[in-house]
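Read the structure below first, then the notes.
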Amino acid sequence: MSDMEEETLDLASEQGTSTRNTHEMSNADLFSLLKTYMDTRLSGIETSFTDTTHTLEKKVKKAENSFKFKGHQVQYELNVDLQDLVQRALDYLGRNKSDKAVTILNEALNTLKKRNKLIRIADKSEGGWKTVQEYLSDDLASDSEDEKKIRAADTRAVKS
């Protein structure tokens, strides 16, 4: 063989190797994309399944307990809701989804703030929890209209 023929064969074998490497990289890239897609889809399904399970579990807990006094029932349901929110936040933290955990913890915090506000209204008003019931029957507001609504609810509660 001549030197020219040997160089041509070497060049052809290098190009064949290069083409195979390109295809192998393409297959690896394709596999990686498919794996990422499947992981994302399965994660979404898992999250949906977990949320549905928590919702059903919460409904069962609420349904299986009955109380003599309505106030105890209301407080129990609030506690179950808060317990569920904290558990969901812990689950998200366990899966390194801190943004979702923070959102849920903020929801729990807002629920507690609302409950404490209602307790303060009941404690300060003449009508007590009847005032709170009247207040809740109106749309909740957190501006200066709040005081007017509380006073009106208190008046209605005392009259009844």
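The values are calculated or read from the model by the stated rules, or taken from the named source; none is laboratory data. Every value quoted in this text rests on a predicted model; they were computed, and no experiment measured them. FYI the Cβ positions are ideal-geometry reconstructions off the backbone, even for glycines, and counts take in every protein chain you see.
Flag: I104 matches the condition of being surrounded by 15 or more Cβ atoms within 10 Å (Cβ to Cβ) and among the hydrophobic types (A, V, I, L, M, F, W, C).
Could we say that A122 is assigned to a helix (DSSP H, G or I), of a type in the set (A, V, I, L, M, F, W, C) and touching an Asp or Glu at 6+ places or on another chain (Cβ under 9 Å) here? Here the answer is no, as A122 does not meet what is asked. In summary, L78 fulfils each of the numbered conditions (1) in contact with a helix residue (DSSP H, G or I) (Cβ under 9 Å, 6 or more places away or on another chain); (2) free of Cβ contacts under 8 Å to residues at least 24 places away in the same chain with the single exception of condition (2).
Residues in the stretch 113-130 that are surrounded by fewer than 12 Cβ atoms within 10 Å (Cβ to Cβ) and touching a residue at least 24 places away in the same chain (Cβ under 8 Å): E126 alone. When you scan the stretch 126-136, do you find a residue that is basic (K, R), in a helix (DSSP H, G or I) and in contact with an Asp or Glu (Cβ under 9 Å, 6 or more places away or on another chain), even just one? For the stretch 126-136, residues basic (K, R), in a helix (DSSP H, G or I) and in contact with an Asp or Glu (Cβ under 9 Å, 6 or more places away or on another chain): present. Applying the condition of being within 31 Å of the chain's Cα centre (by Cα) and farther than 18 Å from S160 by Cα to the stretch 120-144 and asking which residue is modelled with the lowest pLDDT yields A141. Answer yes or no as to whether S43 is surrounded by 12 or more Cβ atoms within 10 Å (Cβ to Cβ), farther than 26 Å from L109 by Cβ and among the small types (G, A, S). It is true that S43 is surrounded by 12 or more Cβ atoms within 10 Å (Cβ to Cβ), farther than 26 Å from L109 by Cβ and among the small types (G, A, S).
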